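Everything below concerns the one structure shown next.
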Amino acid sequence: MITGVTGQDGSFLSEFLLEKGYEVHGLIRRSSTDYRARIAHLENNEHFHLHYGDLGDSMSLMSVIGQIRPDEIYNLAAQSHVQVSFNVPEYTADVVATGVLRVLEAVRLCGLADTCRIYQASTSELYGKVEEVPQSENTPFHPFSPYAVAKQYGYWIVKEYREAYGMYCCSGILFNHESERRGETFVTRKITLAASRIKQGKQDKLVLGNLSALRDWGYARDYVECMWLMLQQDKPEDFVIATGEQHSVREFCKLAFQYIGIDLTFEGTGEEEKGIDKATGKVLIEVSPEFYRPTDVVNLWGDPSRAKEALGWNPTKTSFEELVRIMVEHDMEQVAKERAEEYIDLQKIESLEKGVIR
Ligand code: NAP
Ligand code: F7E
């Protein structure tokens, strides 16, 4: 069973488990619009089943878990946008923190504590205002957003159920992982979509926040394998899942634009910094404090040594350069197909990020 099956990771994990011969059950929410694009290609598969439920609704979780009686649960559902968690902190806490408790308790109350293994989607955001670089399983947490504080509850309640009831439940402390299916308001996808639209004359410039933020970016398709590996061990343990490489938002921009044939140079600092097309002198990237966060996590860099050793996982199967290339190639094609009326312009994406619908 996968909660968050319609999300980036849920869709890749579904494909991965179906290929392994699993019967996959996904939890979906009712919506007035079509939000199942990422799993549309799986919906005719007879081994893929969808159930209505919500992490905010214990009864629906009890009902679905009691009916399916899953061997493995991957709890991926979350309000996963850090900036948005400042706009909807209470909702974020309910889904991201209490939601984890609801899943664990539903498993226990359905009598599955001894048979059902649970993976919890934890996050490098727990390290937040980092106390050590790079970060490993032993680095102290210092969550730095409502999202991260909620995820910290999830991390500890999983540990508590493991210790109190002997349940096989564990947290993957995953660093940022991206893909061509990444939500459009996360910085990497915002950049690859904008670069593609600028190249095709559908957008003039890209406005970002902190260009100096550093992240350890991996490829989501590679990371779902680790989630599965964590549930196949003799005993449940928490792992850092990362590439061990760090890059800035600025470097991501440079590489994405390079792949579409634009050589960028950056001039100025802070809010005055600009990304300029070397060939034409045109300003293509600007900075706006509207995308700054009340507290921003600026130095994430994971140490995946334990996952490599204990799980036999290869963190750099897809390199950073390859990841950016995959995303840019996908978005160049997607943007080329967009008709004017389908075109989600930059202003709309930006206003969504700021929590304002214009
Ligand atoms: P995502 O694309 O934002 O997907 C989130 C999923 O959660 C969607 O399927 C969404 O459903 C579902 N969801 C949200 N609220 C829900 C609720 N109340 N009840 C049931 N489902 C709900 O996230 P992702 O990037 O795939 O990430 C998967 C998980 O890993 C999340 O828990 C995230 O916090 C965590 N994580 C992600 C990263 C990363 O870099 N991607 C790193 C560390 C941890 P709708 O489609 O209906 O909105
Ligand atoms: O920001 C900076 C921003 O929103 C990355 C989630 O999957 O990974 C994700 O959270 C960095 C931040 O991801 C813009 O300030 C600059 O420092 O892509 P992001 P995130 O906040 O790291 C973690 C591991 C999760 O667990 C989360 O669920 O980029 N940044 N300019 C910007 N970020 C955005 N979104 N938009 C900008 O314009």
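How much length is gained if the chain between Lys205 and Asn314 is pulled fully straight, taking 0.36 nm per residue apart and subtracting their Cα-Cα distance, in nm to one decimal? Don't skip to the answer; put the middle values down first.
On the way: separation 109, 0.36 × 109 = 39.24 nm, distance 3.67 nm.
The Lys205-Asn314 span can extend by a further 35.6 nm.
Size descriptor for segment 85-183, Kirkwood hydrodynamic radius: 14.4 Å (Cα pairs only, one decimal). Between the beta carbons of His142 and Glu286, assuming R0 = 25 Å, the FRET efficiency works out to 0.20 to the nearest 0.05.
Its alpha carbons give the chain an Rg and a Dmax of 20.3, 66 Å.
Can you sort Ile118, Ile68 so the residue with the fewest Cβ neighbours within 10 Å comes first? Let's see the in-between values first.
Values: Ile118 26, Ile68 18.
Arranged by neighbour count, lowest to highest, Ile118, Ile68 become Ile68, Ile118.
Near Val298, the amide H atoms lying under 5 Å from its own belong to Val130; only residues 5 or more places off or on other chains count, and H is placed 1.01 Å from N. Helix 320-337 and the longest principal axis of the C-alpha atoms of the chain enclose an angle of approximately 70°. Segment 194-241 and segment 90-128 have Cα centres lying 22 Å from one another.
I'd like the projected area of segment 236-327, averaged over all directions, using the convex hull of its alpha carbons. Report it in nm² with one decimal. Before the final figure, lay out each step's value.
Working: hull surface 32.5 nm².
Average of the hull's projected areas for segment 236-327 equals 8.1 nm².
Computed FRET efficiency, Cβ-Cβ of Glu321 and Tyr35, R0 22 Å: what is it to the nearest 0.05? Before the final figure, lay out the partial values.
Values: r = 31 Å, r/R0 = 1.42.
Computed FRET efficiency for Glu321 and Tyr35: 0.10.
May I ask you to list the residues of segment 138-157 whose amide nitrogen lies under 19 Å from a point 7 Å from Cα along the Cα→beta-carbon direction of Asn87? Counting only backbone N, you get 145-150. At q = 0.12, 0.13, 0.22, 0.24 Å⁻¹ the log10 of I(q)/I(0) for segment 132-219 amounts to -0.57, -0.64, -1.21, -1.30, computed by Debye summation with a single uniform scatterer per C-alpha, solvent ignored.
Using 0.36 nm times the number of residues separating Glu273 and Arg69, minus their current alpha carbon distance, what extension gain do you get? Don't jump to the answer; show the numbers that get you there.
Values: separation 204, 0.36 × 204 = 73.44 nm, distance 5.42 nm.
Additional length available on full extension: 68.0 nm.
For segment 246-297, the Cα gyration tensor yields ellipsoid semi-axes of 21, 14, 8 Å (square root of five times each eigenvalue, largest first, whole Å).
Would you please state which residues of segment 1-35 a label at Glu46 would reach in this model, taking the label point 7 Å out along Cα→Cβ and a backbone N cut-off of under 18 Å? Residues 18-25 qualify, since their backbone N sits under 18 Å from the label point. Ignoring aspartates and glutamates fewer than eight residues from Lys274 along the same chain, the ones with Cα atoms less than 13 angstrom from its Cα are Glu286.
Using C-alpha pairs under 8 Å with a sequence gap of at least 6, the mean separation divided by the residue count of segment 39-197 gives a relative contact order of 23 percent. Between segment 40-55 and segment 253-293, the C-alpha centres lie 41 angstrom from each other. What the phi angles of segment 303-312 give under the Karplus curve with 6.51, -1.76 and 1.60, with θ = phi - 60°, is a coupling list of 10, x, 3, 5, 5, 4, 6, 7, 9, x Hz, glycine and proline written as x.
Readers should treat all values here as calculations from the given coordinates under stated rules, not as data from a laboratory. No experiment lies behind these values; they were computed from the predicted model shown. Cβ coordinates were reconstructed from backbone atoms using ideal geometry, including for glycine residues, and neighbour counts include every protein chain displayed.
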